[in-house]
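Below is one structure, written out as structure tokens; comments come after it.
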Amino acid sequence: MFAPDETGGDDVISYELWRDEGLINSAFSSIQSFAAAGGSAANLLEHTVSVAQDGLIIGRIYTFKFRTANTVGWSEWTDVLRVGLADRVKSPANLRADLELATATSVSLEWDMVLDAHIVTQGYFVEMLLDDDIWSEVFTARHDPNSLKATVYGLKPAKLFKFRVFAVDFNG
């Protein structure tokens, strides 16, 4: 979240950063604010959110919002920013081809389920390496954590293909 580009023609003299408790329908509370004493607060619009300083709990999904003030009054709140506080989602293990289902122009892939870390694994997607060293998404089940198989069609016979699979959680 960044300070607004438009200040209403006046210096920013105050700002507030608020967050909820990381629970459904929880109330917002201020975690950072500043009011300039006779000057501009624009150069002080910085706060690094941290677990220790802001009392955040691993495994919760927090919502943040921000607003500024000038001599005319307070701005509208920014759009909210939602962040799941967790380790990066792990990659699925044991990507393998099911050779019994393979054809000359298709391959069926399988992988192991990713066990949830701090927040729930929501699904998976598969990418294939193209000729020009670009990875292209060939399968998506971003909202189906039980989808552990994919079949890729339209392959050229007798050619080597490379695939990779990723797990997706709230943060992407």
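The values are calculated or read from the model by the stated rules, or taken from the named source; none is laboratory data. Since this is a predicted model, take the numbers as computed values, not measurements. Here the Cβ positions follow ideal geometry from the backbone for every residue, glycine too, while neighbour counts run over all protein chains shown.
To keep it simple, each residue is scored yes or no on (1) assigned to a strand (DSSP E or B); (2) among the small types (Gly, Ala, Ser); (3) at pLDDT below 90; (4) surrounded by 16 or more Cβ atoms within 10 Å (Cβ to Cβ).
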{"position": "Glu21", "(1), (2), (3), (4)": "no, no, no, yes"}
{"position": "Ala27", "(1), (2), (3), (4)": "no, yes, no, no"}
{"position": "Glu46", "(1), (2), (3), (4)": "no, no, yes, no"}
{"position": "Val49", "(1), (2), (3), (4)": "no, no, yes, yes"}
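Filtered by the rule that a residue be of a type in the set (Asp, Glu) and within 12 Å of Asp87 (Cα to Cα), segment 114-136 gives a lone residue, Asp116. For segment 58-95, which positions are surrounded by 12 or more Cβ atoms within 10 Å (Cβ to Cβ), among the charged types (D, E, K, R) and in contact with an Asp or Glu (Cβ under 9 Å, 6 or more places away or on another chain)? Arg60, Lys65, Arg67 - these are the residues of segment 58-95 that are surrounded by 12 or more Cβ atoms within 10 Å (Cβ to Cβ), among the charged types (D, E, K, R) and in contact with an Asp or Glu (Cβ under 9 Å, 6 or more places away or on another chain).
Looking at segment 75-172, the strands (runs of 3 or more DSSP E) lying wholly inside it that each contain 2 or more residues that are in contact (Cβ under 8 Å) with a residue 60 or more places away in the chain and within 30 Å of Phe64 (Cβ to Cβ) sit at 81-84, 163-168. Under the condition of being buried (at least 16 other Cβ atoms within 10 Å of the Cβ) and either of a type in the set (Asp, Glu) or assigned by TED's automatic domain parsing to the domain that holds Gly55 (or both), the residues counted in segment 96-139 number 2.
Residue check: is Thr63 modelled with pLDDT under 85, among the β-branched types (Val, Ile, Thr) and under 23 Å from His118 (Cα atoms)? Taking the combined requirement at face value, the residue does not satisfy it.
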